[in-house]
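These notes concern the structure reproduced below.
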Amino acid sequence: MNNDVRTIVLAGVGGQGTILVSRVLTTALIDAGYDVKMSEIHGMAQRGGSVSTTVRYGKKVESPLVGKGAADILVAFEQMEAVRTTPVLKKDGIIVVNDYKIMPLPVASGAATYPDNYIEELSKAFHVIAFNAGQAAIELGNARVMNIILLGAMVEAFDMGNLDWDSALVKQVPTKFLDINRKAFELGRSMARKENA
Amino acid sequence: MKHFLSGNEAVARGLYEADVRVGSAYPGTPSTEIFENLHPYESIYHEWAPNEKVATEVAYGASIAGVRSVAAMKHVGLNVAADPLFTAAYNGVGRGFVIISADDPSMHSSQNEQDNRHYAKAAKIPMFEPSDSQECLEMMREAFDVSERFDIPVLFRMTTRVSHSRSLVEFGEPLKLEAFPYSRNTKKYIASPANAMVHRVELEEKMKGLAEYSETSPFNVVEKRGGKIGVISAGGAMLIAKEVFPEDTSFLKLGFTNPLPMNLIREFSENVETLYVIEELDPFMETEIKAAGIDCTGKDVVPPMYELNPTLLREALTGEKVATREVDAKAIPRPPVLCPGCPHRGFFYTLSKRKNVIVAGDIGCYTLGGSPPLSSLDSVICMGGGFTIAMGMSKAFEQIGEKKTIFGVLGDSTFFHSGITGAIEILYNNGHVIPVVLDNSITSMTGQQDNPGTGYTLMGEIADVVSMEAIFRAVGYRKIFTVDPQDLDAMNKTVDEAIACEEPCAIIVRRPCVLIKRIKHERALCVVDRDKCKSCRRCLTVGCPAVFFEDGKATIDPNLCIGCTVCMQVCPFDAIYKEEE
């Protein structure tokens, strides 16, 4: 049942802007006529914990959440969150990962060190598109649009370019930030194309 | 047009469409956003009550007076509200009265994962269990009809995934109802033993009527497909079951689950070869179905704890593990932490440096004071337990002749919720406990809700500020210390004075939460002078997410730091300085 349902998981750290991405994403999917369900865990998000959002779409979606081995694509806003969330992916799942680190407290306090081989290890198991969206956002002029750069990359990697993304951005992004978010979205797409080539 | 709403938002819309006029709630994840989303509906008076018992009583009073009313809370809140609930079930209602309980399987933000469906059975009240946002809206309308038709409060039971998942919702036409004219009805509303004897019989009659309703409820429906496998399920688990079972599976979808439609269940079971009962948490339905002599498979394969998901259910049913790829790397835990600039940090840092103190904590952001490196709590049990668990410990240590310094710690909202009775207990029964209120002037862990100490109501009106100093004084505390936790010397001195104080004393640790939007917070930046840093790591012991070590020296992330200076104050080498912004 529901073989046509696709599952996208967004994972990051509280405050990284996963919520705006999930809004733009679900708006575009709903406008395209899909049944859409979304589930997020945000109880402790403000306290710097891990956050993840599941978006599922298809002709008819039943469960808003999935378990292990069930997602088609993982968009990780931070390296370690990519590693933490990979069990959710199907064996042929795709990862778009921001080459970016946020130190968890055990690392900050010196009780643990942040490994530097995450992207390498992820790439051994999955098809991975990795780039530094944080740096790209700063170069674009606003560090906060990192999230929309990652959305653009996901759209490219997951071949979702046929949806009306511009209309979704117009509906969900405040007018004064629309221009830079449009640029961020296109930049994300071209970076994913480059990484994928 | 369809709207993409969370279950909580859809419930808010349902309350509006059902013409609810009075709502009272206490914030608690995952239920909080229900009341936060009542804002657009001007016809509904809605408030944050000091606690769930108060909320339930306020809503029930409104029902008695003749308007539809609602109380909302998280699962553990219903423990607090159980007292009025059980008797309201006996007395019945005026206009419709619904109590919303949002359970938290897997304890995403809770201290336990109790299954509140048992309350419906124990209190003998009808229960709805929506599975998605559309049902949240439609069942809420129906819940009020059932409440009025059967003269009984209704339990509306949600779970985290129902509350926080979004799906498409079609709105209905809002009702406009007349209030029931009020007249005194002592036989109904005075729960004296004589009246209760009568209500007790009536309640059984009501349950019989509700059992009949359950058989024909529009929310208890058979979806007949094949005759081989039949599944009975309810709430969020139903969607997971639909995802997992093969296409030719027949379903008995239950939205109204107390009392269960046992005739419908029996008939359904007779038309399938194998019957499954799929539910999250306890075997609530399964136990009853089996007791009715109907054979079924349920908790013998489905896990009896934690949140269910399609993979877990598939693995449970087939006994085969779903294939995943291993990544040869481990993620380090990223536990929630006190925010940079959190006023609780100064207090917990001060206690973390003391030996031989016992600190009974409570539910809120300050529960995080129990995590490393601050590690300053001995217990966290329930709302209000900070003061009273401490009291019990102090009496036990007295009995066995051990001398300990004992603090009972809770927050401002928790003080108003159920801390005041504990403060009275300590004074009245001569406890050797120092009650401490960590007053950050907001209910923070649930996302910044107002409370009796903040000066605002849920509807945005200016309110009287209830003074905790005045309460402590009125109770009889002789000395009340008030201190700013960001000043570590003052904080330390206050703790010393309180320990030395021979009279009953209390400490109010006061500084507003840095996340409160309506206050202008001072912002600055703390910077490390790398030449002065001797790598002693003392600054790491304050547990601030902005402070870390890089290349062997302390470093402060300028994007996270707000300049609270707690790390600067603990540095023994003056290697941290403050830059004004």
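The values are calculated or read from the model by the stated rules, or taken from the named source; none is laboratory data. Since the structure is predicted, the reported quantities are computational estimates derived from the model, not experimental observations. When we count neighbours, we look across all protein chains shown, and the Cβ atoms used for this are built from the backbone with ideal geometry, even at glycine.
One line per residue, one yes/no per condition, for (1) at the interface with another protein chain (Cβ under 9 Å from one of its Cβ atoms); (2) surrounded by fewer than 22 Cβ atoms within 10 Å (Cβ to Cβ); (3) under 18 Å from B:THR311 (Cβ atoms):
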position	(1), (2), (3)
A:GLY15	no, yes, no
A:LEU25	no, no, no
A:SER39	yes, no, yes
A:GLY58	no, yes, yes
A:GLY69	yes, yes, yes
A:ALA76	no, no, no
A:LYS91	yes, yes, yes
A:VAL96	no, no, no
Of those in the range B:155-183 that are out of contact with any Phe, Trp or Tyr (no Cβ under 9 Å at 6 or more places or on another chain) and charged (D, E, K, R), the residue nearest to the other protein chains (Cβ to nearest Cβ) is B:ARG161
Checked the range A:49-77 for anything out of contact with any helix residue (DSSP H, G or I) (no Cβ under 9 Å at 6 or more places or on another chain) and either in a strand (DSSP E or B) or modelled with pLDDT of 95 or more (or both); matches are A:ARG56, A:GLY58, A:LYS59, A:LYS60, A:ASP72
Residue hits (the range A:98-138; at the interface with chain B (Cβ under 7 Å from one of its Cβ atoms) and of a type in the set (S, T, N, Q)) are A:SER109, A:ASN117
Return yes when B:ARG523 is over 19 Å from B:LEU368 (Cα atoms) and either among the polar types (S, T, N, Q) or free of Cβ contacts under 8 Å to residues at least 40 places away in the same chain (or both) and no when it is not. no
Among B:GLU280, B:GLU212, the single one that is within 14 Å of another protein chain (Cβ to nearest Cβ) and among the charged types (D, E, K, R) is B:GLU280
Filtering the range A:65-122 down to residues that are more than 24 Å from A:PHE158 (Cβ to Cβ) and among the small types (Gly, Ala, Ser) yields A:ALA108, A:SER109, A:GLY110, A:ALA111, A:ALA112
B:VAL222: passes all of (1) closer than 17 Å to B:GLU286 by Cβ; (2) β-branched (Val, Ile, Thr); (3) away from chain A (no Cβ under 12 Å) but (1)
Sole miss for B:HIS3 among (1) surrounded by fewer than 20 Cβ atoms within 10 Å (Cβ to Cβ); (2) free of Cβ contacts under 8 Å to residues at least 60 places away in the same chain; (3) of a type outside the set (D, E, K, R) is condition (2)
Practice prompt. Go through the residues of the range B:426-437 one by one and say whether even a single one is in contact with a Cys (Cβ under 9 Å, 6 or more places away or on another chain), touching a residue at least 60 places away in the same chain (Cβ under 8 Å) and on the phi < 0 side of the Ramachandran plot.
Written response: yes
Any chance B:VAL169 is touching a helix residue (DSSP H, G or I) at 6+ places or on another chain (Cβ under 8 Å), surrounded by 12 or more Cβ atoms within 10 Å (Cβ to Cβ), of a type in the set (Val, Ile, Thr) and assigned to a helix (DSSP H, G or I) | no
**OP:** Return a yes/no flag: does the range B:389-412 have any residue that is within 24 Å of B:GLY447 (Cα to Cα), part of a helix (DSSP H, G or I) and away from every other protein chain (no Cβ under 14 Å).
**Re:** yes
Taking the range B:226-281 and keeping residues assigned to a strand (DSSP E or B) and out of contact with any helix residue (DSSP H, G or I) (no Cβ under 9 Å at 6 or more places or on another chain) leaves B:ILE229, B:THR274
If we keep only residues of the range B:305-328 that are within 7 Å of chain A (Cβ to nearest Cβ) and in contact (Cβ under 8 Å) with a residue 40 or more places away in the chain, then the residue nearest to B:ASP104 (Cα to Cα) is B:ASN309
Of the candidates B:MET262, B:MET285, B:MET238, B:MET305, the one satisfying the condition of being within 27 Å of B:ILE125 (Cβ to Cβ), over 29 Å from the mean Cα position of the chain (by Cα) and modelled with pLDDT of 95 or more is B:MET262
Per the filter on the range B:1-60, residues within 14 Å of chain A (Cβ to nearest Cβ) and among the hydroxyl-bearing types (Ser, Thr, Tyr) are B:SER6, B:THR29, B:SER31, B:THR32
Only one of B:LEU427, B:LEU368 is modelled with pLDDT under 95 and either touching a Lys or Arg at 6+ places or on another chain (Cβ under 8 Å) or part of a helix (DSSP H, G or I) (or both), namely B:LEU368
When restricted to B:PRO512, B:PRO504, B:PRO558, the only residue farther than 22 Å from B:THR405 by Cβ, of a type outside the set (Phe, Trp, Tyr) and modelled with pLDDT of 95 or more is B:PRO512
Determine, yes or no, whether A:VAL173 is β-branched (Val, Ile, Thr), within 30 Å of B:GLY543 (Cβ to Cβ) and more than 11 Å from chain B (Cβ to nearest Cβ).
no
The number of residues in the range B:282-304 that are within 21 Å of B:ALA102 (Cβ to Cβ) and in a helix (DSSP H, G or I) is 2
Residues of the range B:288-322 being among the hydroxyl-bearing types (Ser, Thr, Tyr) and touching a Lys or Arg at 6+ places or on another chain (Cβ under 9 Å), in sequence order, are B:THR311
Within the range B:305-355, the count of residues that are in contact with a Pro (Cβ under 8 Å, 6 or more places away or on another chain) and farther than 30 Å from B:LEU377 by Cβ comes to 5
Within the range B:133-161, the count of residues that are hydroxyl-bearing (Ser, Thr, Tyr), assigned to a helix (DSSP H, G or I) and within 22 Å of the chain's Cα centre (by Cα) comes to 2
Residues of the range B:430-467 being buried (at least 17 other Cβ atoms within 10 Å of the Cβ) and part of a strand (DSSP E or B), in sequence order, are B:ILE434, B:PRO435, B:VAL436, B:VAL437, B:LEU438, B:ASP439, B:THR443, B:GLN449
Counting only strands (runs of 3 or more DSSP E) entirely within the range B:502-559, those with at least 1 residues that are among the charged types (D, E, K, R) are B:505-510, B:547-550, B:553-556
When every residue in the range B:313-351 that is assigned to a helix (DSSP H, G or I) and more than 28 Å from B:SER371 (Cβ to Cβ) is compared, the one nearest to the chain's Cα centre (by Cα) is B:LEU313
Restricting the range B:412-424 to residues that are over 20 Å from the mean Cα position of the chain (by Cα) and surrounded by 19 or more Cβ atoms within 10 Å (Cβ to Cβ), the one farthest from B:ALA500 (Cα to Cα) turns out to be B:GLY422
Given the conditions (1) of a type outside the set (S, T, N, Q); (2) more than 14 Å from chain A (Cβ to nearest Cβ); (3) more than 30 Å from A:ASP35 (Cβ to Cβ), every one holds for B:VAL70 apart from (3)
